[in-house]
Amino acid sequence: MNTPDEEEVTAEGGHGAVPVTGVETGQGEKPSRRTWPLYEVFVRGKRGLNHVHVGSLHAPDDEMALHNARDVYTRRNEGVSIWVVKADDITASSPAEKDPFFDPSADKVYRHPTFYRIPEEVPHL
Amino acid sequence: MSVAMPETDERVLETGFDATIAADQRIEPRDWMPEGYRKTLIRQIAQHAHSEIIGMQPEGNWILRAPSLRRKAILLAKVQDEAGHGMYLYAAAETLGVDREELTEKLIDSKQKYSSIFNYPTLSYADIGVIGWLVDGAAICNQVPLCRCSYGPYARAMIRICKEESFHQRQGYELLLAMANGTDEQKRMVQESTDRWWWPSLMMFGPPDGDSPNSQQSMAWNIKRHTNDELRQRFVDMSVPQAEALGVTLPDPELRWNDERKAHDYGEPDWEEFKAVVAGSGPANAQRVAHRRRAHEGGAWVREAAQAYADKQAARKNEARKAAA
């Protein structure tokens, strides 16, 4: 670890100029106290649109998660509806097996409209 | 997070990662990534988040003394945005396998830092305008390219942040315009504040490219898109006409248009001061961290109470379910 006056500094992040050496990352460390669960937040921008993932937050319970999500993610009318879901409750496909997992759809060109050749003069197709 | 695996597998994964970067595509949280990439991002995003959180203090200092209800409401909204930006960034950092609570502890234990700019005090109300104009203006120069950063969650957080920064810069500039059209004393305040913040704002872009070896790797990984000097030049060129419109002089005798380069030449910031401020001997370092610690520790009972309430509600729900069964 470098001493402070040998510290290397660069413009990382928005406000620039922070040390880049001798900074602990805290990877793999777990907090000693019990912490609030992580929630993923989804916002419906306006009526007619899907809910879209916008980020995450921590909260002690579902209701607080919803209130915090409103304060953090919709300060400028970004949403008309919010979902919060405990991150632990989400099941996801694994990126490592993404090729075999999505293989079944890769070789079925006949599922796309462009697969079919229709004479150009036929309208509305 | 990392699991020991045969070397060939690791090489296959690395090839995939390199190909994604070469194609200028995004890396997503559960993708394999080199340890160095992960560490660089954690450090950068965490310290970026800390900068937003600490950044609330110099401006929060003026909320009670803002001269009108309109200015108070604006400043309050701005400081609240900074908190929001910190939250977006902590959320992005967590996708890399660190815990938000841990990051806060590292900040108040000074094991992670924040941007040197927030170690300067806000001495006059004109500083609120100049921070919006110059400090947020410099931040925008740094942040806009980060919207195309190779790490997906960071890039997406930056898009939200950049949308909001525009309000920050414009409210600051408008405040200065009002003062620049005001009394002689108000005009003097704007000039005095510009004189204090100009050089620290230039330093926000970091040391000259030759002294910034870390930047190379970050650029190869598509985390950083422009060099420190490129961004600094862009900022200087943007700021000159804005200063003219305000009728203030930027405190650099070497600042002039270079017709050959089609850009402004400018003087060298005082890098010794810069190093001292980053190393912790800036005017407000100790105060900023102590204040953050006080807020964190003073708020502990609220977090505990919320947890106790959540536990009680969960227990009641459980009992009701049992009774119904």
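Mark the label point 7 Å from the Cα of A:Asn77 along Cα→Cβ and return the residues of segment B:159-187 whose backbone N is within less than 17 Å of it. Backbone N within reach: B:164, B:167.
Between B:Ala324 and B:Ala300, with labels modelled 7 Å along Cα→Cβ, what's the label distance in nm to one decimal, could you check? Each label point is offset 7 Å from its Cα along the Cβ direction, giving 3.8 nm. Residue by residue along B:98-107, Cβ atoms of other protein chains within 10 Å of the local Cβ number 5 on average.
Given N residues in the protein assembly as shown, what is its alpha carbon radius of gyration divided by 2.2 N^0.38 Å? For the protein assembly as shown, the normalised Cα radius of gyration comes out at 1.10. Accessible surface ranking for A:His53, B:His85, A:His58, A:His124, 1.4 angstrom probe, highest first: A:His124, A:His53, A:His58, B:His85. Rounded to the nearest angstrom and listed largest first, the equivalent-ellipsoid semi-axes of segment A:34-117 from its Cα gyration tensor are 35, 20, 8. Its DSSP H runs of at least 4 residues, each contributing -39,500 (n - 2.57), put the calculated 222 nm mean residue ellipticity of chain B at -21500 deg cm²/dmol, to the nearest 500. Tell me, what is the FRET efficiency for B:Ala315 and B:Phe167 to the nearest 0.05, using R0 = 45 angstrom and their Cβ-Cβ distance as r? For R0 = 45 Å, the calculated efficiency reads 0.55. Overall dimensions of segment B:236-296, expressed as equivalent-ellipsoid semi-axes from the Cα gyration tensor (√(5λ), whole Å, largest first), are 35, 16, 10.
In this model, which of B:Lys39/B:Lys111; B:Lys72/B:Lys113; A:Lys46/B:Lys78; A:Lys46/B:Lys163; A:Lys46/B:Lys224 are farther than 22 Å apart at the alpha-carbon?
Beyond 22 Å between Cα atoms: B:Lys72/B:Lys113; A:Lys46/B:Lys78; A:Lys46/B:Lys224.
Sparsely packed loop sites in segment B:170-275 (the trypsin sites (Lys or Arg not before Pro) outside DSSP H, G, I, E and B with at most 13 other Cβ atoms within 10 Å) comprise B:Arg261, B:Lys262. GNM remark for chain B: springs join alpha carbons under 10 Å apart, and the peak mean-square fluctuation among B:Asn61, B:Asn228, B:Asn181 falls on B:Asn181. Here the protein assembly as shown has 55 percent of its accessible surface on carbon and sulfur atoms, given a 1.4 Å probe and all protein chains in place.
Shielding by partners for B:273-281, please: the mean number of other protein chain Cβ atoms within 10 Å of each residue's Cβ. Across B:273-281, the average partner-chain Cβ count within 10 Å equals 3. Peptide B:73-82 has a mean shielding of 1, counted as Cβ atoms of other protein chains within 10 Å of each residue's Cβ.
Between the alpha-carbon centres of segment B:86-143 and segment B:279-325 there is a gap of 22 Å. Kindly compute the accessible surface that chains A and B hide from a 1.4 Å probe when together, both sides summed, and give it to the nearest 100 Å². Approximately 4500 Å², summed over both chains. Of the Cα atoms belonging to chain B, the radius of gyration and Dmax stand at 22.6, 83 Å.
Stokes-Einstein diffusion of segment B:88-187 at 37 °C, 0.692 mPa s viscosity, Kirkwood radius from Cα pairs, rounded to a whole number: 210 µm²/s. What chain B shows is 46 Å² of accessible area per residue, with the surface traced by a 1.4 Å probe over protein heavy atoms.
Annotation for B:Asp24 and A:Gln27: the two label points, set 7 Å from Cα along the Cα-Cβ direction, are 2.8 nm apart.
The values are calculated or read from the model by the stated rules, or taken from the named source; none is laboratory data. Nothing here was measured: the structure is a model prediction, and the numbers come from that model. Here Cβ is always computed from backbone atoms with ideal geometry, including for glycine, and neighbour counts include all displayed protein chains. Accessible surface areas use protein heavy atoms only, side chains included; no ligands, DNA or RNA. Shrake-Rupley method; radii C 1.70, N 1.55, O 1.52, S 1.80 Å.
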